[in-house]
1. Determine, for each peptide in 97-110, 189-202, the mean count of other beta carbons within 10 angstrom over its residues, then list the peptides with the highest first.
2. How big, on average over all directions, is the shadow cast by the Cα convex hull of segment 108-252, in nm²?
3. Take the cross-link list 199/238; 127/272; 127/238; 199/295; 186/236 and give me the ones stretching past 22 Å between alpha-carbons.
4. Could you tell me the calculated FRET efficiency between residue 206 and residue 186, based on Cβ-Cβ distance and R0 = 25 angstrom, to the nearest 0.05?
5. Just grab the label-to-label distance for residue 34 and residue 106, each label 7 Å out from Cα along the Cβ direction, in nm (one decimal).
6. Would you mind computing, in nm to one decimal, how far apart the modelled labels at residue 51 and residue 199 are, each placed 7 Å from Cα along Cα→Cβ?
7. Suppose the chain between residue 164 and residue 114 were pulled fully straight at 0.36 nm per residue; how much longer would it get relative to their current alpha carbon spacing?
8. So between residue 217 and residue 264, what do we pick up on full extension, going 0.36 nm a residue minus the alpha carbon distance?
Amino acid sequence: MTPYIKGKTDTPVTDPNPSKRKSISKEEYSEGLEKVMMSFGSSRAKKAWSAAKRNHIDSLRLEETLAPAVSHIETEMDKTMNELDDVPEQAVQTNPYLPVCNTDAATPDEVYLLNDLISTEEMKLLKSTATSLIEGKTTLAGTLVKEEERSQFLLTNFSMASSSTVRPVELVSMLLYCDYLITLYKSSPKTVQQFGLQKCSSIPHFMHSSLLDKFTEGGGGGRAGAKGAQCSFSSKMKDKVMSYLFAIALRFSGYTLNSSVLQKDLQISSNKVMSMFRVLGCSVSLDKSVSSGLKQYNITLKVPPVFPTSNRKKRKL
């Protein structure tokens, strides 16, 4: 003990050789603290210390046990993600209201495949009707439906398509399908919900089931209108009809078309037309040759398609 000397200021005592002090490791400190705790700690403190130590040891053992399994899971996840990266983007349906799109397409035909727009079963039925029309066994006006109930898109293009030297049956089939989609789009949701397509005289009965399955919710199989089998034709489903219609119309027209006829058939605004074609990856430009009347736009499908958003997975209607 240092004696007190009046008038002398206390100074801290320092270690003359700090470099020779022994350093204590974390483990040694923990062991020392445990000895002190077990020697002088209360019973509650001793129990708490023992529990904490036991939990720490158990967690270390658990980590050692799980390490191989976690490593295996991480390896498998990396493998799975690499496999997913190799899946073509067109194989992933990113929006249920838009047709499947191949963003890596090298040609316009590869952007929206025909069998993704019109199923094999639908095309088989369409080709049967198209063949009868081309061979003159039936006409657009006559036993099938009144001509004035047909869309202008069908009427203005039928002669060219039916006389084409390249795939006339396929061209007429696409025209017929577009005509059915235009009729469906113009149908009121309430009518479709109550009667299905029974009120759509321009759509043959053999197409009812497939169209209801594809473009309505809850009323497939042509059963709409029956008790307990009502279907929903929501605004999103109407947009889906339009997206498929425009994709097929682009294919039919050689991927460049004027929007005026479709706009008149659907009775919608030019903004709606432009928005949908842009969502499909098309460039849209105003037709300046038309000085008055309805604004007309020239539509061209870009290859590769260019969408309003940078990420196709987030493209919206």
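Just so you know, all these numbers are worked out from the coordinates, no wet-lab data involved. Bear in mind the structure is a predicted one, so any value in this text is a computation, not a measurement. We place every Cβ from the backbone using ideal geometry, glycine too, and count neighbours over all the protein chains shown.
1. Ranked by mean Cβ neighbours within 10 Å, highest first: 189-202, 97-110.
2. The Cα convex hull of segment 108-252, projected and averaged over all directions, gives 8.4 nm².
3. 127/272; 127/238; 199/295
4. The computed FRET efficiency comes out at 0.75.
5. For the pair residue 34/residue 106, the computed spacing is 6.9 nm.
6. 7.2 nm
7. On the way: separation 50, 0.36 × 50 = 18.00 nm, distance 1.86 nm.
Gain on extension, residue 164 to residue 114, equals 16.1 nm.
8. In short, 14.2 nm is gained.
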